[in-house]
Amino acid sequence: MKIYSLINEFSSLDPCVFTLGIFDGVHIGHQKIIKNLILRSRKKYCSVLLTFHPHPKEILNTNKKFFYLNTLSERIYNLKKTGIEHLIVHPFTTNFSKLRTKDFLKKILHPKSKIRKIITGYDSIIGKNRDSSYEELKKISHKYGIKVYKVNPYKFQKKIVSSTHIRESLLLGNIQWANRALGYFYTLSGNVIEGKGIGKMINFPTANLQIDSKKLIPKQGVYAVKINYLNNMYLGMLNIGINPTLEKENRKIKIEVHIFDFFENIYGKKIDILMIRIIREEKKFNSIQELKKQICMDKINIQKFFSCEKKIR
Ligand SMILES: Cc1cc2nc3c(=O)[nH]c(=O)nc-3n(C[C@H](O)[C@H](O)[C@H](O)COP(=O)(O)O)c2cc1C
Ligand SMILES: Nc1ncnc2c1ncn2[C@@H]1O[C@H](COP(=O)(O)OP(=O)(O)O)[C@@H](O)[C@H]1O
């Protein structure tokens, strides 16, 4: 896959099929659009996907911090896996957002453009006047003999799959719905940093994860997870929270994982935590012994859950 960092950098030499959107998460709805793109491009045309970064909500709603399902490199990685040939990651700026749909489309659709077909999601056109953008797109495309195909929204359990719904589900701890909508396990990746060293003292060492500050952290609580370390998969339990039992002042959210049957020192190493399901809320215990007892119970429950999961498969 070839990557371009500006629309102008991309000048297709071959006729192409084109789609555009933000694609945060590259979920099953996005995947449906991309499959359609590749299907319609097969053999005859090259496939081109135009995306934007940062997310428009991050640039336009500055009063509310925006969190991503995918970091940019994760998004690029997920898009690469779909098999598209050309990816344009154009910067999204306030100025760019002021561009009227018509003017934006003229930038990419003109008599010399090699675009032959455009695939769009049910709401994936951007531009200042977003509401009328689909009609505008059809009108302008028609003028240049470009065909426009609209892909219907993907629904799962009667709910439209959208990045916004997936973000909401993760914040509510509904990891299963989010995973089904994503088509893969929601993953927190980063390097292992030092904590307080209490984990080892209670026989539950926990690798503390430092993640990208813009990555969405699911609801606080204890989770059954899988861990990818050096391409080996382990089972484990994750706590997302403020450690109210031991931490009196620091309210910063910590992400820490105890990996089952694992004994290595992995400070500074990269791990990926694949979220499977929430087990319980984080609680404040009266003593470290009570906390330890609960973590022992968590281990039993999570191992039981994983052994049932294996039997089903
Ligand atoms: C599976 C699991 C569940 C946990 N549940 C709680 C909890 O309910 N309440 C709490 O205060 N801390 C909880 N913790 C966090 C522990 O307090 C924490 O792992 C311990 O303080 C070690 O921290 P350290 O890595 O900084 O040494 C949990 C940790 C794990 C791994
Ligand atoms: N099973 C395990 N799960 C997680 N980390 C482990 C495990 N075994 C050894 N470790 C190592 O121990 C460290 C965690 O020990 P801990 O006492 O909780 O210290 P810290 O507070 O610095 O995280 C991890 O960062 C990792 O290097």
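List of remarks:
- For K107, K248, K32, order by how many other beta-carbon atoms lie within 10 Å, fewest first: K248, K107, K32
- Solvent-free Debye calculation, one equal scatterer per alpha-carbon of the stretch 173-313: log10 I(q)/I(0) at 0.12 Å⁻¹ equals -0.46.
- Residue exposure proxy: E194, E85, E256, ordered by other Cβ atoms within 10 angstrom of their Cβ from fewest to most, comes out as E194, E85, E256.
- Computed about the Cα centre, the dipole magnitude for the chain is approximately 1260 debye when only Lys and Arg (+1) and Asp and Glu (-1) carry charge, each at its Cβ.
- Once the chain from I160 to K252 is taken as fully extended at 0.36 nm per residue, the excess over their C-alpha distance is 29.8 nm.
- FRET efficiency, 1/(1 + (r/R0)^6) with R0 35 Å, evaluated for T93 and I198 via beta carbons: 0.15
- A simple charge model with +1 on the Cβ of Lys and Arg, -1 on the Cβ of Asp and Glu and nothing else charged puts the dipole of the stretch 2-157 at about 540 debye relative to its Cα centre.
- Rounded to 5, percent antiparallel among DSSP beta bridges of the chain: 60
- For the stretch 2-157, the relative contact order works out to 32 percent when only alpha carbon pairs closer than 8 Å and six or more residues apart are counted.
- Cα gyration tensor shape of the stretch 135-180, rounded if a/c is under 1.5, else prolate or oblate by comparing a/b with b/c: prolate
- Residue among I211, Y134, F263 farthest towards the positive dipole end of the chain, charges placed on Cβ: Y134
- The calculated 222 nm mean residue ellipticity attributable to helices in the chain amounts to -9500 deg cm²/dmol, summing -39500 (n - 2.57) over DSSP H runs of n ≥ 4 and dividing by all residues.
- The chain: relative contact order in percent, alpha carbon pairs under 8 Å with at least 6 residues between: 16
- log₁₀ of I(q)/I(0) at q = 0.08, 0.10, 0.13 Å⁻¹ - the stretch 2-157, Debye sum with one point per alpha carbon: -0.21, -0.33, -0.57
- Working value for the chain: equivalent-ellipsoid semi-axes of 44, 19, 17 Å, each the square root of 5 times a Cα gyration tensor eigenvalue, largest first.
- Once the Cα-Cα distance is subtracted from the 0.36 nm per residue extended length, the F305 to S11 segment shows a gain of 100.6 nm.
- When only alpha carbons are used to place a centre, the stretch 154-206 and the stretch 1-50 end up 28 Å from one another.
- Full extension of the chain between R280 and I217 gives 21.1 nm of extra length, using 0.36 nm per residue less the Cα-Cα distance.
Any read-out appearing in this document is the output of simple, stated calculations on the displayed coordinates, not a laboratory observation. What you see is a predicted model; the values in this text were computed from it and never measured. In this analysis, Cβ positions are derived from the backbone assuming ideal geometry, glycine residues included, and neighbour counts consider all displayed protein chains.
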